[in-house]
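The values are calculated or read from the model by the stated rules, or taken from the named source; none is laboratory data. This one's a predicted model, so the numbers in the text were calculated from it and none came from an experiment. As a convention, Cβ positions derive from the backbone with ideal geometry for all residues, glycine included, and neighbour counts pool all protein chains shown.
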Amino acid sequence: MRFGFIGAGKVGVSLGKYLVNGGCEVVGYYSKSDASAKAAADFTKTKAFPELEELVTACDAVVFTVPDKEIVPVYEKVKAYITKPTCFIHCSGLETSDVFYDRFSYHSYGYSIHPLLAVHSKYESYRELSKAVFTMEGDIEHREALRELFLKMGNPVILIDKEQKAKYHAACVFGSNLMLGLLEEALMLLEECGFQRAEAMQALTPLAIGNLVHGLTDGTMESLTGPVERADEQTIALHETVLNKEQRNIYNALSKTLLTLAKKKHPNREYGNVEKEIEKEREEA
Ligand SMILES: NC(=O)c1ccc[n+]([C@@H]2O[C@H](COP(=O)([O-])OP(=O)(O)OC[C@H]3O[C@@H](n4cnc5c(N)ncnc54)[C@H](OP(=O)(O)O)[C@@H]3O)[C@@H](O)[C@H]2O)c1
């Protein structure tokens, strides 16, 4: 399969480089700006295509690594140049292969292939792709070949039902972006206590990373500590007195999730007072 990338941004460059390093054939890049396409081509030792038609003609798998809202408008342009069966692939966590809505009229196939990774850099993130799990959905014809390609490079590939993609993407946001929101709340509170930001970041590093690593290796229930697990409603009540309304909403909503875990972990422990404390604040909020 010869891959051609449209969109020489973070994912396009990283995935292209990863595929090239994995021995796949990548013909090169077309992008909104010629400069991006050229930089991506140089980095991946492939070719920059100044014309979309040239790229589409040169490959049999077009990878749309443009922003989600650009996938359909770019697909509309690509279709004009289709002269052979082609695989249309995008990397959105949310959109499905249905965005290539009339691909069958072009005897072509559609896929979404999503790396579960925060791809933050055009030139560094490809190194981390080897650790990423990929999810995939789309037409049956080339799905197994595409899956095999990533499996061979050492990536677990999970086939996902396209109906589940919104929920799946919300899960990714909980597990990644929203973690940064929680960290920011912690950092701001520590700053209010007199920490410099750098001190607060240093202080939270072993606490946060330790918990994440335990949670994702031993399990969330097994790793649970803190006032909810200890059924310490007095500590929770004190915390609530120093948080603003929005912080209390977050604190209580997540404490409710922890309470479910705590009850499973300690079926004989009495959690009624903790439950009341959390619910009381929720009702007032
Ligand atoms: N970043 C992540 O962590 C991540 C993770 C998984 C999946 N994804 C998915 O990967 C896709 C790309 O995201 P990204 O983070 O790589 O975005 P990005 O860094 O903003 O790159 C998007 C690229 O698309 C190009 N582009 C925009 N409109 C275009 C158009 N009309 N025609 C041709 N090229 C166009 C831009 O080109 P110029 O540079 O030429 O202006 C830009 O380089 C999205 O579907 C996103 O949901 C992202």
*asked:* For a quick check of your reading of the model, give me the residue pairs whose first member lies in the stretch 7-24 and is touching a residue at least 12 places away in the same chain (Cβ under 8 Å), whose second is of a type in the set (S, T, N, Q) and near the ligand (Cβ under 6 Å from one of its atoms), with beta-carbon atoms closer than 7 Å and at least 6 apart or on different chains.
replied: G7/S31; G7/T65; A8/S31; A8/S36; G9/T65; V11/T65; G12/T65; L15/T65
*Which residues, taken from the stretch 210-242, are in contact with an Asp or Glu (Cβ under 9 Å, 6 or more places away or on another chain) and outside any helix (DSSP H, G or I)?*
G226, P227, A231
*List, please: which pairs have Cβ atoms under 6 Å, are six or more places apart or on different chains, and start with a residue in the stretch 245-262 that is under 11 Å from I278 (Cβ atoms) and end with one that is assigned to a helix (DSSP H, G or I) and not basic (K, R)?*
R248/E240; R248/E281; N252/I278; N252/E281; S255/I278; K256/I278
*Any chance A186 is in contact with a Leu (Cβ under 8 Å, 6 or more places away or on another chain), among the aliphatic types (A, V, I, L, M) and within 23 Å of A118 (Cα to Cα)*: yes
*Selection count where residues are in a loop (DSSP other than H, G, I, E, B), more than 13 Å from the ligand (Cβ to nearest atom) and out of contact with any Lys or Arg (no Cβ under 8 Å at 6 or more places or on another chain), scope the stretch 92-106*: 2
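Out of L180, L204, L146, L117, I need the residue that is assigned by TED's automatic domain parsing to the domain that holds I250 and in contact (Cβ under 8 Å) with a residue 12 or more places away in the chain. Which one?
L204
Kindly indicate whether any position in the stretch 107-114 is outside any helix (DSSP H, G or I) and within 21 Å of L216 (Cβ to Cβ). Spell out the reasoning first.
Filtering the stretch 107-114 for residues outside any helix (DSSP H, G or I) gives 107-114.
So of that shortlist, the ones also within 21 Å of L216 (Cβ to Cβ) come out as 114.
Yes - at least one qualifying residue is present in the stretch 107-114.
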*For the stretch 73-91, enumerate the residues that are of a type in the set (S, T, Y) and in a loop (DSSP other than H, G, I, E, B).*
Y81, T83, T86
*Looking at the stretch 18-60, which of its residues are under 24 Å from the mean Cα position of the chain (by Cα) and β-branched (V, I, T)?*
V20, V26, T44
*K167 is checked against (1) part of a helix (DSSP H, G or I); (2) more than 18 Å from the chain's Cα centre (by Cα); (3) not acidic (D, E) and fails just one. What number does that condition carry?*
(2)
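Can you tell me which residue in the stretch 29-49 is nearest to K122 (Cα to Cα), limited to those that are away from the ligand (no atom under 13 Å from the Cβ) and surrounded by fewer than 24 Cβ atoms within 10 Å (Cβ to Cβ)? Working first, answer last.
Narrowing the stretch 29-49 to residues away from the ligand (no atom under 13 Å from the Cβ): 42, 44-47.
Checking which are surrounded by fewer than 24 Cβ atoms within 10 Å (Cβ to Cβ) leaves us with 42, 45-47.
Working: D42: 12, K45: 14, T46: 15, K47: 17 Å.
Ranking the qualifying residues of the stretch 29-49, first place goes to D42.
Within the stretch 46-63, does at least one residue satisfy the condition of being closer than 29 Å to Y168 by Cβ, among the polar types (S, T, N, Q) and not in a strand (DSSP E or B)?
Residues of the stretch 46-63 that are closer than 29 Å to Y168 by Cβ, as a first pass: 59-63.
So of that shortlist, the ones also among the polar types (S, T, N, Q) come out as none.
No, the stretch 46-63 has no match at all.
For the stretch 257-276, state whether one or more residues are under 17 Å from M179 (Cα atoms) and modelled with pLDDT of 95 or more.
yes
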*Lone unmet requirement of (1) in the same structural domain as V11 (by TED's automatic domain parsing); (2) surrounded by 13 or more Cβ atoms within 10 Å (Cβ to Cβ); (3) free of Cβ contacts under 8 Å to residues at least 60 places away in the same chain; (4) not aliphatic (A, V, I, L, M) for E191*: (1)
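Which residues, taken from the stretch 56-72, are of a type in the set (G, A, S) and closer than 11 Å to M1 by Cβ? Give the derivation first.
Residues of the stretch 56-72 of a type in the set (G, A, S): 58, 61.
Result: A61, single match.
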